[in-house]
Amino acid sequence: MTEDIHGGRQPVIECKYGENGYQTPAALYSDGTGDELALDRFQVVQGTAPSYNNLCDLDRLLMTSTHIAAGFDLNQGSVPLLAVACKHGNPCGAAVGDEQPAVVQKALEGDLRAVFGGLIMLNFEVGEEIAEVLMTHRMEEGTRRLLDGIIAPGFTPEAMSRLKRKGDKCRLMINPTLTGINRDSLDTTRRVRFVRGGFLEQPNYTFVPDLAGRIERIGEATPAQVSDMLLGWAIGSTSNSNTVTLTRGGMLIGNGVGQQDRVGGCKLAVMRATDAGHSTREAVAYSDSFFPFVDGPEELARAGVRAILATSGSVRDQEVKEFCQKEGIALLMYPDAEGRGFFGH
């Protein structure tokens with residue numbers, strides 16, 4: 001069975017162990033498709049080889065970053081500067097903008113505690129100024145932020161020197177293709193999940209909402225809210241479901257992932273935002289599927305959310321619409337059958 005899985009290929013990266021220390025051996029194999037964003041196309045220019053978990057987080061960072069790029073490319077005609085931080089398989093910080101230092105600062109501030117020990121991906125070269133932000137922004141004087149990895153199109157020599165970590169545990173990985181990611185950068189290969197006795201196969205998640213197209217609207221979202229919806233959609237739709245994501249001012253402020261009920265995702269997103277020191281007043285929410293009850297929007301309204309992007313398809317859609325209209329919350333909905341989030345488990 002092992003030979004069938006590998007197809008005679010040799011590993012391109014040998015990992016010290018798998019998800020846990022007792023899971024050995026572990027390695028990354030390439031499918032040989034020539035995808036410029038394939039994991040084996042990322043070159044380690046400083047630090048130790050990435051671990052199995054680093055590679056899993058790199059894959060999730062790519063999913064989120066390319067969805068951000070696709071969403072803005074389709075809806076606004078250009079891709080902003082972006083930074084996405086990941087910890088244990090889900091985005092814990094993300095931001096978009098037109099100034100490099102501000103984008104990195106916002107991504108870190110999404111959750112300063114969670115990003116510690118995580119990975120961060122940027123779609124622009126890291127120079128000495130950005131390296132300084134990554135290491136010291138909002139840190140106590142004389143201390144440095146510990147990151148497991150930084151992924152970017154490139155690093156200047158000065159940045160590499162600044163980012164060097166004891167034991168070479170901060171991996172600096174480059175792929176110049178990150179500079180030009182756009183709507184054509186989404187992974188379209190079919191996804192396979194191994195299960196006992198075989199595997200499941202399905203198409204990849206390539207849906208990108210056109211917020212100027214066939215969208216049901218209650219109220220009118222401002223241009224700033226639409227931008228935050230796009231960011232929230234890209235984060236939430238590539239997080240482990242059920243997910244409700246809060247954004248404001250071009251940054252992630254709270255990601256309520258992996259919940260078994262949607263109102264729980266709303267509560268978790270609000271809790272994570274407030275716990276990280278963010279106000280949820282005037283925030284924008286994204287839900288990776290429809291609200292089965294009105295209790296989710298009620299929770300978001302109590303937190304001060306003023307705009308929501310979600311799908312339709314619940315028997316209680318009308319109650320959700322009426323509630324948002326009464327509360328003055330802009331609600332945008334597209335059919336769940338067309339654009340439910342990746343629904344990763």
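Throughout, read-outs are computed from the coordinates displayed, never taken from laboratory work. Owing to the predicted nature of the structure, the values given are computational and were not obtained by experimental measurement. Using ideal geometry, Cβ is built from the backbone for each residue, glycine included, and neighbour counts are taken over all protein chains shown.
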Most packed first (mean Cβ within 10 Å per residue), the peptides 191-197, 104-110 order as 104-110, 191-197
Using alpha carbon centers only, the range 274-319 is separated from the range 199-232 by a whole-angstrom value of 15
Taking every other residue with Cβ under 11 Å from the Cβ of Gln202 and scoring Lys and Arg +1, Asp and Glu -1, one gets +2
The aspartates and glutamates whose Cα lies under 18 Å from the Cα of Lys267, excluding any fewer than 8 residues away in the same chain, are Asp111, Asp275, Glu282, Asp288, Asp295, Glu298, Glu299
With +1 on the Cβ of every Lys and Arg and -1 on the Cβ of every Asp and Glu, the dipole magnitude of the chain about its Cα centre, in debye rounded to the nearest 20, is 660
The lysines whose Cα lies under 19 Å from the Cα of Lys16, excluding any fewer than 8 residues away in the same chain, are Lys166, Lys169
Residues whose built amide H sits under 5 Å from the amide H of Gly254, excluding neighbours closer than 5 in sequence, are Leu246
Longest principal axis of the chain (C-alpha) makes with the long axis of helix 52-76 (C-alpha) an angle, in degrees to the nearest 10, of 50
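Around Leu112, what is the net charge, scoring Lys/Arg as +1 and Asp/Glu as -1 over all other residues with Cβ under 9 Å from its Cβ?
+1
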If amide H atoms are modeled at 1.01 Å from N in the peptide plane, then the residues at a separation of 5 or more from Val12, or on another chain, having amide H under 5 Å from its own are Leu28, Tyr29, Ser30
If amide H atoms are modeled at 1.01 Å from N in the peptide plane, then the residues at a separation of 5 or more from Gly97, or on another chain, having amide H under 5 Å from its own are Leu81
For Ser161 and Phe207, extending 7 Å from Cα along the Cα-Cβ vector and measuring point to point gives, in nm, a value of 5.0
Whole-Hz Karplus couplings 3J(HN,Hα) for the range 295-303, θ = phi - 60° and coefficients 6.51, -1.76, 1.60, Gly and Pro as x, run 5, x, x, 4, 4, 5, 5, 4, 7
For the range 228-234, Karplus-derived ³J(HN,Hα) couplings (6.51, -1.76, 1.60; θ = phi - 60°; whole Hz; x for glycine and proline) come out as 5, 4, 4, 5, x, 4, 4
